[in-house]
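Okay, so here's the structure we're looking at.
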Amino acid sequence: MQKLIKLSVVFIIVLSFSNCTKSPHRMETGEVAGAQIKIDYSSPSVHGRHIFGELVGYGKLWRAGANAATTFTTDKDITVEGRELPAGMYALFVIPSEDNDWTLIFNSDYNRSGSTIEGLSPADYDEKNKATDVLRANIKPVMANDLTENLTFKITDSGFSLSWEHVTLPVEIR
């Protein structure tokens, strides 16, 4: 009987730890250009890995987070990088580039697993998903010497930024 109790306790402990997520849920909220903005995402860590160009391939779709697709919500119409974005909730995707601007995509099909697009080439993504893209913007990434260990979104007075590893992607909202 004691052996069964000990095994049960060990099983419960193992089960408890297995439910811990490696990419914890995060939410960033704030006001930009009179609109309430919410970015809901999972925040993976670098953990000594090379992220952009390896874990997240250049020229491939990335869910801008981990687990489910990252969502971006605005309660008012806004202008993102000079383009109109209607009020609503969107899945947020990124196509990183080694030598050029990165592509930021706001897609109306926000209720999906991020893995459905992860690693697709732009052509493969466009075949099934372009019809639900609401906005695409090309953004110049800013390289930094300092390491950002966990993927972080920040809402600023002028928009928001995505930072991870040695890259920040600043996005202007008006």
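The values are calculated or read from the model by the stated rules, or taken from the named source; none is laboratory data. Keep in mind the model is a prediction, meaning the values are calculated, not measured. Note: ideal-geometry Cβ built from the backbone for every residue, glycine included; neighbour counts use all protein chains shown.
Looking at the range 52-83, which of its residues are of a type outside the set (A, V, I, L, M) and within 15 Å of GLN36 (Cβ to Cβ)?
THR71, PHE72, THR73, THR74, ASP75, LYS76, ASP77
Within the range 125-147, can you find the residues that are under 30 Å from GLY48 (Cβ atoms) and touching a residue at least 24 places away in the same chain (Cβ under 8 Å)?
The answer is TYR125, ILE139, LYS140, PRO141, VAL142, MET143, ALA144, LEU147.
Can you find a residue in the range 69-80 that is under 20 Å from LEU135 (Cβ atoms), modelled with pLDDT under 95 and under 15 Å from the mean Cα position of the chain (by Cα)?
Yes; the residues of the range 69-80 include at least one that is under 20 Å from LEU135 (Cβ atoms), modelled with pLDDT under 95 and under 15 Å from the mean Cα position of the chain (by Cα).
Name every residue in the range 57-100 that is among the aromatic types (Phe, Trp, Tyr) and touching a helix residue (DSSP H, G or I) at 6+ places or on another chain (Cβ under 9 Å), in order of residue number.
Once the filter is applied, which keeps residues that are among the aromatic types (Phe, Trp, Tyr) and touching a helix residue (DSSP H, G or I) at 6+ places or on another chain (Cβ under 9 Å), the range 57-100 yields TRP62, PHE93.
Select the strands (runs of 3 or more DSSP E) contained entirely in the range 61-162, then report the ones holding at least 1 residues which are of a type in the set (Lys, Arg).
83-85, 133-139, 142-156
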